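Nothing in this text is a laboratory measurement; each read-out follows from the coordinates by a stated rule. The shown structure was predicted, so the numbers you read here are calculated from the model rather than taken from an experiment. No Cβ is skipped: glycine too gets one built from the backbone with ideal geometry, and neighbour counts run over all protein chains shown.
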Amino acid sequence: MKTIVYVDLDGSLTSSDVLLESCLQLARLNVLFVFRMLWWALQGAWVFKQKVAEHIDPDLSDLPLNQKVLERLNQYRHEGYELVLASASVHRDASKVAQRVGVFDRVIGSTTSNLKGERKLEAIVEDAQGLPFVYVGNEAADLPVWARSQHAIAVNPGKRVCQRAQKEGIVLDVIDTHSVGAGLLSKAMRIQQWAKNCLLFLPLLASHSVNPAEWGLVCLAFLAFGLVASATYLWNDMLDLPADRRHPRKRHRALASGQLSIVQGIVFMKALGIAGFAFAWVAGGWPFVAVLALYTAATLFYSFALKRVAFVDVLVLSLLYTLRVVAGAVAAGLDVSNWLLALSLFYVSQPGLGQALCRAGVFAVGRGAIPFRARLSPV
């Protein structure tokens, strides 16, 4: 008797999520769509998917695919099984992925309702017409389909999913494509970029401070800036997914390669942001939190729009470097001079000469030529 293999898309065939990909690409087009998407979400899952699909046709040409799942599907194809992509994504998007993969006989996707859970089971039972079927899924919503399948295959199922399946008497054939470890998270955080935050120590160096308390507070400030900066890097990576996947080097990033899913990226980004602002509060209270919030807002605004505007992008980057210097002074309770701010701005706009002048400026401060502890005043 012929057996049909039904394969879920989001989290199974791909580690990504087509709906989230669409939302991110829509937000990148216009940040104001974020507010419209919140309104659509309040109207229900299917309305949300419809509205997003109406406003954007997502670029899925380089969507990362789970190679172990593809190997299993090719094996089934070789053995004569019929393959069907059964996804809760809108039919148009699921069809694009199926056409790219080239192993599926047909596609089942959301057309008039959100094809998830029991609704997906109904669609599969109707399509199978009494024939036995294999189902490849990944989440708790797939439990009803697994329960009716001849063979239940789970791709990277969570611990709770496995526990619920065991409780319901479902034997899962697990395909483990990857695991998220400390090395992967460190790679996604781009800790090497934290070197920029050493500018927070510049006010202490310029003022010849040897106060352990001040240095301790700035160390906490450094950690806060690093964590929040990593959160913004993750957000920027999510906005640039299609472009990064076509880039010879950036395609190996955790999110672009699919090693880290968008959902995992969002959770990790939130955790980094919360931890960063918690350290910021300890380091300098509300004043330092305000500076860090301004830095975060400027970074996000840069990611959404300003980095594509000539000259303005350089000015914003200069501002971000200067904010680091200001943040270090706020954390340590020091006053900052106009000279040091001017030099930090010049550092980015004119890298070679700026670096030389900054080094000369710090030396001059150290020699007492520029009174760093003087309050801001017209130059």
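Can you compute the label reach from residue 100? Point 7 Å from Cα along the Cβ direction, backbone N cut-off under 14 Å, restricted to the range 40-74.
57-67
Please list 3J(HN,Hα) in residue order for the range 93-99, calculated via the Karplus relation 6.51 cos²θ - 1.76 cosθ + 1.60 where θ = phi - 60°; whole Hz, with x for glycine and proline.
Values per residue, Gly and Pro as x: 6, 4, 5, 4, 5, 4, 5 Hz.
Test of understanding: ordering 100, 119 by Cβ neighbours within 10 Å, fewest first, what list do you get?
Placing the least packed residue first, the sequence is 100, 119.
Mean residue ellipticity at 222 nm from the helices of the chain, using -39,500 (n - 2.57) per DSSP H segment of n ≥ 4 over the full residue count, to the nearest 500 deg cm²/dmol?
Helix contribution divided over all residues of the chain: -19000 deg cm²/dmol.
Taking the Cα-to-Cβ direction at residue 246 and at residue 275 and moving 7 Å from each Cα, how far apart do the two end points lie in nm?
3.5
Could you pull out the pairs from 96/167; 68/187; 49/187 whose alpha carbons sit more than 25 Å apart here?
96/167; 49/187
Please name which of 101, 58, 74 has its Cα lying farthest along the dipole of the range 54-104 towards the positive end, using unit charges on Cβ (Lys, Arg +1; Asp, Glu -1) and the Cα centre as origin.
Among 101, 58, 74, the one farthest towards the positive end of the dipole of the range 54-104 is 74.
Under 5 Å between amide hydrogens, which residues at least 5 positions from residue 177 or on another chain qualify, with H placed 1.01 Å from N in the peptide plane?
When sequence neighbours closer than 5 places are left aside, the close amide H contacts are 156.
If I compute Cα Rg over 2.2 N^0.38 Å from the structure I just sent, which labelled value in (1) 1.00; (2) 1.24; (3) 1.17 lines up?
(2)
Taking the Cα atoms only, what angle lies between the long axis of helix 18-29 and the longest principal axis of the chain, rounded to 10 degrees?
Once rounded, one gets 40 degrees.
Which whole-Hz ³J(HN,Hα) couplings does the range 47-58 yield from phi under the Karplus relation 6.51 cos²θ - 1.76 cosθ + 1.60, θ = phi - 60°, glycine and proline marked x?
4, 4, 4, 4, 5, 4, 5, 5, 9, 8, 9, x
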